[in-house]
1. Please state the relative contact order of the stretch 113-155 as a whole percent: Cα pairs under 8 Å, 6+ residues apart?
2. After finding the eigenvalues of the alpha carbon gyration tensor for the chain, what semi-axes result from the square roots of 5 times each, listed largest first in whole Å?
3. Beta carbons within 10 angstrom, averaged per residue: use that to sort the peptides 81-94, 38-51, highest first.
4. Starting from the Cα of Lys47, draw a straight line to each of the lysines and keep only those under 18 Å, dropping any in the same chain fewer than 8 residues away.
5. Using the beta-carbon distance between Ser238 and Thr136 and R0 = 22 Å, what value does 1/(1 + (r/R0)^6) give for FRET efficiency, to the nearest 0.05?
6. How big is the dipole moment of the chain about its Cα centre under a simple scheme where the beta carbon of each Lys and Arg is +1, that of each Asp and Glu is -1, and everything else is neutral? Debye, nearest 20, please.
7. At 222 nm, what value in deg cm²/dmol follows for the chain if DSSP H runs of at least 4 each add -39500 (n - 2.57) and the sum is divided by all its residues, to the nearest 500?
8. Using alpha carbons only, how many degrees (0 to 90, rounded to 10) separate the axis of helix 170-184 from the longest principal axis of the chain?
Amino acid sequence: MKKITLFALCAILLTACGPKSYPEFEKDLNAFREEIGNVGLGVAVVKDNKIIYDNYFGVKNLETGEKVDAQTIFRIASISKSFTSTSLMQMVEQGKVTLETDVSDLMEFQVRNPKLPETVITLEMLLSHTSSLNDTQGYFTLDVINPATNPDCAGCYNEYEPGKGYQYCNLNFNMAGTILEKLSGERFDQYVINHILNPLGLYGGYDIDALDATRFATLYSYNSENDSLEAQPGAYRSRAEDIANYITGYTTPIFSPTGGMKISTTDLAKYMMMHMNYGLYPGAKERIISEESSKNMQTPRSDDEHYGLALWRNTDYIPEVELVGHTGGAYGLRSAMFFHPEEKYGFIVISSGAKNSDEGLLKGMIKILYDHFIANE
């Protein structure tokens, strides 16, 4: 007979009991889901350092009708960037790198804006989107920015001086993931599992083939021409062939450090709680990162955007309430992770697809969560 761990027993009991019902909240949320044409949804609310609500709505797959549940895993898109940044802050704490280190020294090829070649592009600039890099040449391979493989790599740089402007850029974080491999000696996806997910007791990762595919929520994008939601199988495409020919410290973008994490709503809420508590999960003995590093990630580097190191401060979701976190969007998916580090509450929202999947989806859902669980409590 198999032994059942205390953690597994708790999970079984929680599943059996099901989430606590909040009829008025669920009525409002389902009305909003119907309005936007949502397919599948996971939400979680943290308050006073506890997950007080997590629930799942809709289906994992429109063809099979299988329901979204606590075991469902979503690709969370750009919230993934915070895992990359957290990992690199561990490298900073170990003295293997500083935020001021020249990226050219880390990448082993020249990373300089040709319009301003004297200005050093630092690791901090990559993690805060102030590097002057852009995605116009693409970001799925480092060949686009390597002078030896792309004679037009100058197009990867904007006109402004590095450190003096902001542009959201996925290439920054695929480079950052590559740097993590060079510094740690571990493959990117395995490093995140070994040093963030496993210590927190979370299931997820970047390697599709290492995860249980039956748990994936199919992602859907809306086709306005025929008024239909279309499955996006590319969201969970196997990279087995790429991994077989993997070059550590160069092929890293196949895992998408910029957007490739797959994880459940509940586990993402637990990860959020670690950042809410400045690097220490409530009740844990060991930190993921130091309080100083965590606060550093949450400190804005750009005056207008208020973006830190893959965590960003904003009042866009709840007027006059500053939340910290990140959003994601890809293949029709919309995701959000936002928390209030001082008052110890936060929200997770992951939508697998909707007919109306613009920024209003996340704003609407977070406002409903805030009104029911925080403002009116």
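Throughout, read-outs are computed from the coordinates displayed, never taken from laboratory work. Only a predicted model underlies this, so the values are computations on that prediction, with no experimental measurement involved. Don't worry about glycine lacking a Cβ; one is built from the backbone with ideal geometry, like all the others, and counts go over all protein chains shown.
1. 30 percent.
2. Value: 33, 23, 22 Å, ordered largest first.
3. 81-94, 38-51
4. Candidates past the 8-residue exclusion: Lys20, Lys270, Lys344, Lys367.
5. Plugging the Cβ-Cβ distance into 1/(1 + (r/R0)^6) gives 0.20.
6. That gives a dipole near 1120 debye.
7. Helix-only estimate at 222 nm: -8000 deg cm²/dmol.
8. 80 degrees
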